[in-house]
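*Asks:* Before anything else, here's the structure in question.
Only the coordinates and a few stated rules stand behind these numbers; no lab work does. This is a predicted model, so every value here is computed, not measured. We place every Cβ from the backbone using ideal geometry, glycine too, and count neighbours over all the protein chains shown.
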Amino acid sequence: MTALRARDETRLATLRLVKAAAKNAEVAKRFALTDDEYEAIVRRQVKMRREAAGEYDRGHRPEQAAQERRELAILEEYLPAQLDDAGVRELVMQAVDETGATSLRELGKVMSHAMRTVQGRADGNQVNRIARDILSERAG
């Protein structure tokens, strides 16, 4: 309602798209969505915006990339705070210790454990990068 009164077209359009995605998921499920399911929908929208902005950058279309980033910033307001690299590193170290992984060959096991622990508070690419660094340090 605030976006409507403020005539913030970008915010309004972004939130309408999320609302439509949630409604489609609800219709497909035939039940009301849980809070976690709503959060998953917003995360998918964030991922789509991030990927689209990258594609627009590679295609030398800065105006469209900037628009995607504005929408991304709006969507991120509705997600829990993201962990920084130090926080992710701590969780990945814990996952490595708990799984007993010693080499990069066990990256999948570490990622599976770490992603359950992180639960959407960090991007999978960030977790993967940090896990690779830690496992490389341990192997070498």
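*Asks:* Hey, of (i) 59, 30, 21; (ii) 58, 45, 31; (iii) 57, 42, 24, which did the structure itself give for Cα extents along the principal axes in Å when calculated?
*Replies:* Here the calculated entry is (iii).
*Asks:* Let me ask something else. With contacts defined as alpha carbon pairs under 8 Å and 6 or more residues apart, what's the relative contact order of the range 2-76 in percent?
*Replies:* For the range 2-76, the relative contact order is 32 percent.
*Asks:* Can you put Arg11, Arg43 in order of Cβ neighbours within 10 angstrom, beginning with the fewest?
*Replies:* Fewest-to-most Cβ neighbours within 10 Å comes out as Arg43, Arg11.
*Asks:* Okay, next question. Given the DSSP H assignment, sum -39500 (n - 2.57) over each helix run of at least 4 residues in the chain and divide by its residue total; what's the result at 222 nm in deg cm²/dmol, nearest 500?
*Replies:* -25500 deg cm²/dmol
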